[in-house]
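Below: one structure, written as structure tokens.
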């Protein structure tokens, strides 16, 4: 008979707090690599889970989404409160920004009405001191009646002490005696009457007192749930709520009075007129003119780093890993199975290699993005570009993802995570593939001189401008048709500037790189192998391949623009990699050394009007497979992914046909 092993002692601590208070820094400091994302059933937000050991005890950490309150105004706020109420963690550790303590204590005022003990982590004390704000944590602790731990999370000061306080409260519940806020005195009778009417009818496990407060606040989710639950008995409660519509002010007023009492003795503020470091930096950073100059300088630096560091590494990986690996596979398997050699070299290695060659560029972008987020600059970039993005129904947070598209559309799609509005985020993702990336421009740079000679530079600039004009028009059209002309309100907090936490940056970059490798990598590999098969089967001859058959199938569409089936096949292979256009044309037209044969063949095959149409189509054509994979990953929707392919496909063909007809009319 086997003896059952005793369960390991453990506690669960939920990290709560408003956005930009350093909660993620605390989470990363505690859990390190022992963390993952939890996808709660029926929820769109994703809290992170982690763990570490403390004196032989397992401490589970749940990093809840940032929330300004516990009213159901957003998915983040609903998830935070539902987790605390339904899952009942042992302790809630509230991380508060010491520089804006009054605002942060509003969330604490709501948490204290939930049936879970709370400890307060007073973070960013060093930044508060720089601003001349003096806080006495022990005085605040006595006023609140709960543990208050001074912290500087970026320097790992106070992080372990916060968990020690949480463990003490969990093991000694009788010692937890917080001083909770009350509703304003003129509405206490109303609250008591509401509690009496809903007694015994509140849904489990929601506390009746908390439900009554939420009804007076006008919380839509709780009101709907209680109306359905109470049936005909709801009318009495409804009459009270209609009679006291100002009750929400009484609830909020009581909390602010409580906050004032809590901080009055514990905080000393700087004298009037003293200018903080953040205010000094924000004068140029948020200026309508200088702010844009600083933004473009920083983004220019980001691209300079990308080209200086990422591009040589990408070329190195492509030359030695992809091309070298493919050549090795062909030599090693040539005597055995040419089919296997082709599959390994042109399918598997080309597919995996494509993913790996993206990594240096993505790494640089993700590091720069993480640093800008950490120091607090992303909010300023959004602020100064807001007026321009409003033309497409977006707001400032959409600018950075779209601008990143000039380096690569993949990080542009993934950077859309900074956008709060679900509609604005999807719209930004749909627009990102229209930004001309270096791969598309490479095709233009190589082919424009072939067709336009001395005018090639003007043609390239015009094609880039055409791509950006298409982006703007698509944005306007989607805004009017989908959003109905509605402009999204842009209200966001400008966090204080602070030194970046290297551990948080490293973990953020790691998470983004792993996401790309796991999701995008698998799809790229599958599609690469599939396209290789269509090019090699059934006979191994390109002319009789399935892909050539597909090219001949769409040849009537190409004929409308003066393009033969070979040009259409080149467009189709660009789905794997945009530069594939050049390689495919070389194979199909039998290019000689240095691309001379290809240039001559193309000039003999295409008129200038057809060449212009082809280059315009490839500038707007469907995004590459890596971008499509990123879109599927970020939207988690095949419908939006399909639209991201269909929309540029249709627009590119319409654009190509229009330009071809116009060029023919002009005699090209």
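The values are calculated or read from the model by the stated rules, or taken from the named source; none is laboratory data. Every value quoted in this text rests on a predicted model; they were computed, and no experiment measured them. So basically every Cβ, Gly included, is an ideal-geometry build from the backbone, and we count neighbours across all protein chains shown.
Entry remark, region 110-125: residues being under 19 Å from residue 20 (Cβ atoms) and in a strand (DSSP E or B) number 4 in total. When residue 390 is tested against (1) within 30 Å of residue 538 (Cα to Cα); (2) at pLDDT below 70, exactly one condition is not met: (1).
Return the only residue of 119, 91 being in contact (Cβ under 8 Å) with a residue 60 or more places away in the chain and either under 24 Å from residue 160 (Cβ atoms) or in contact with a helix residue (DSSP H, G or I) (Cβ under 6 Å, 6 or more places away or on another chain) (or both). Before the answer, list the steps.
Working: 119 fails: in contact (Cβ under 8 Å) with a residue 60 or more places away in the chain.
Step by step, each of 119, 91 is checked, and only 91 is in contact (Cβ under 8 Å) with a residue 60 or more places away in the chain and either under 24 Å from residue 160 (Cβ atoms) or in contact with a helix residue (DSSP H, G or I) (Cβ under 6 Å, 6 or more places away or on another chain) (or both).
Scanning region 154-184 for residues that are farther than 28 Å from residue 31 by Cα and either surrounded by 14 or more Cβ atoms within 10 Å (Cβ to Cβ) or modelled with pLDDT of 90 or more (or both) gives 177, 178, 179, 180, 181, 182, 183, 184. For the residues 242, 261, the requirement of being touching a residue at least 40 places away in the same chain (Cβ under 8 Å), farther than 30 Å from residue 53 by Cα, over 38 Å from the mean Cα position of the chain (by Cα) and in a helix (DSSP H, G or I) singles out 261.
A count restricted to region 526-535 and to residues that are modelled with pLDDT of 70 or more and within 22 Å of residue 359 (Cα to Cα) stands at 2. Taking the criterion of being in contact with a strand residue (DSSP E or B) (Cβ under 6 Å, 6 or more places away or on another chain) and part of a loop (DSSP other than H, G, I, E, B), the only residue of region 54-71 that qualifies is 64.
The listed residues are 142, 93, 128, and the only one of them that is part of a helix (DSSP H, G or I) and buried (at least 18 other Cβ atoms within 10 Å of the Cβ) turns out to be 128.
Per-residue answers, yes or no, for (1) over 21 Å from residue 14 (Cβ atoms); (2) free of Cβ contacts under 8 Å to residues at least 60 places away in the same chain:
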| residue | (1), (2) |
| --- | --- |
| 146 | no, yes |
| 154 | yes, no |
| 159 | no, no |
| 174 | yes, yes |
| 180 | no, no |
| 183 | yes, no |
| 187 | yes, no |
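When the test is whether a residue is part of a helix (DSSP H, G or I), within 18 Å of the chain's Cα centre (by Cα), over 30 Å from residue 599 (Cα atoms) and at pLDDT below 75, residue 424 does not pass it.
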